[in-house]
Amino acid sequence: MTAIDPYAVLGVSRSASREEIARAYRRLAKQHHPDAGATPSTSMARFNEAWHMLSDPARRARWDRDHAIFESPSWSPAQADRYQRPPPRPHAPSSRMDSGLLTIGVIASVAVLIAVVMIGVSVASPDTPAFGPTFSTAHLSFEYPPGWSVVAGESDQPREHRVVAHLVTFDIQPAQRCTRFADPCDLSTEAMPPGQASIVITAWEGGMPPVPDPVVARPFGLSADRFIGGEPASFELRRSSGGAVAWWQLSPPGFPDRWIEVRADISGRSLDQDALLNQVEALLATVEFEE
């Protein structure tokens, strides 16, 4: 457990959003990082430690729980000698309102109403991703929706570029698995049923990650202010009449010479594409890089 207060180090409040914390970290890094011309000091190490703590939702929640701030209550109980018992109500003949059957009927009605609302929400939001299975390798781990299948990349690939995992939302033959970077993946949108996706996650190492030109602004998931390890997450989306190709670039914290690329080939019309893009974005939000 870190001995520093990460919020104080980055100069943000406990209620700050992840985007606000990322902006504060980037601003301090530009002022104190040796690559930016600053004199080497321990300040950058403290900023990195604070960012490492607050950039991960689980670590941040654990730190907040272990360093909770308790405030004394603003209320106090009434003094016993000032309490006055209310005068008794005049006796009235019992009515149907006093019957326990009425209470049971009200409770049953509320239960039925809640059930109807929950069914309506589930029907109105069929594309809300439900996660359960977890995939984990030496590079990263993530959760993915039930019904999807995932296979790990082969272990004898070079470290410079290797397939980490291949996910598909439909049944394919073993020969169609994309498990080696050297073997091109032929699962294009034309070869997939409508409304399905093939997602290939690739690990790269050495040098600096390329940035697509131009980077297409996207309406999904990470905003332009979201940073992973102080590096921007790039995204490109290209749509066509029969499908779309989406490309993400993620940098693990503290490792500027390593990055992850995610390519999703999605078949179907725009509504199908949007639904699957939302699911892939939700999957990426669960990614944990191995340190």
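The values are calculated or read from the model by the stated rules, or taken from the named source; none is laboratory data. Every value quoted in this text rests on a predicted model; they were computed, and no experiment measured them. No Cβ is skipped: glycine too gets one built from the backbone with ideal geometry, and neighbour counts run over all protein chains shown.
A few comments on the model shown:
- Test: residue in the range 38-47 that is under 24 Å from residue 286 (Cα atoms) and modelled with pLDDT of 85 or more: yes
- Candidate set: the range 241-276, residues that are part of a loop (DSSP other than H, G, I, E, B) and surrounded by 18 or more Cβ atoms within 10 Å (Cβ to Cβ); chosen: the one modelled with the lowest pLDDT: 252
- Given (1) farther than 19 Å from residue 68 by Cβ; (2) modelled with pLDDT under 90; (3) not basic (Lys, Arg), index of the condition residue 3 fails: (1)
- Applying the set (1) at pLDDT 85 or above; (2) not assigned by TED's automatic domain parsing to the domain that holds residue 250 to residue 152 leaves exactly one unmet item: (2).
Let's see how each residue does on (1) out of contact with any Leu (no Cβ under 6 Å at 6 or more places or on another chain); (2) at pLDDT 90 or above; (3) part of a strand (DSSP E or B):
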position	(1), (2), (3)
162	yes, no, yes
166	yes, yes, yes
172	yes, no, no
182	yes, no, no
193	yes, no, no
198	no, yes, yes
202	yes, no, yes
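- Scope the range 19-45; condition touching a helix residue (DSSP H, G or I) at 6+ places or on another chain (Cβ under 7 Å) and in a helix (DSSP H, G or I); matching residues: 21, 24, 25, 28, 29, 30, 32, 36, 43, 44
- Of the candidates 131, 142, 181, the single residue that is under 20 Å from the mean Cα position of the chain (by Cα), more than 19 Å from residue 274 (Cα to Cα) and either hydrophobic (A, V, I, L, M, F, W, C) or surrounded by 10 or more Cβ atoms within 10 Å (Cβ to Cβ) (or both) is 142.
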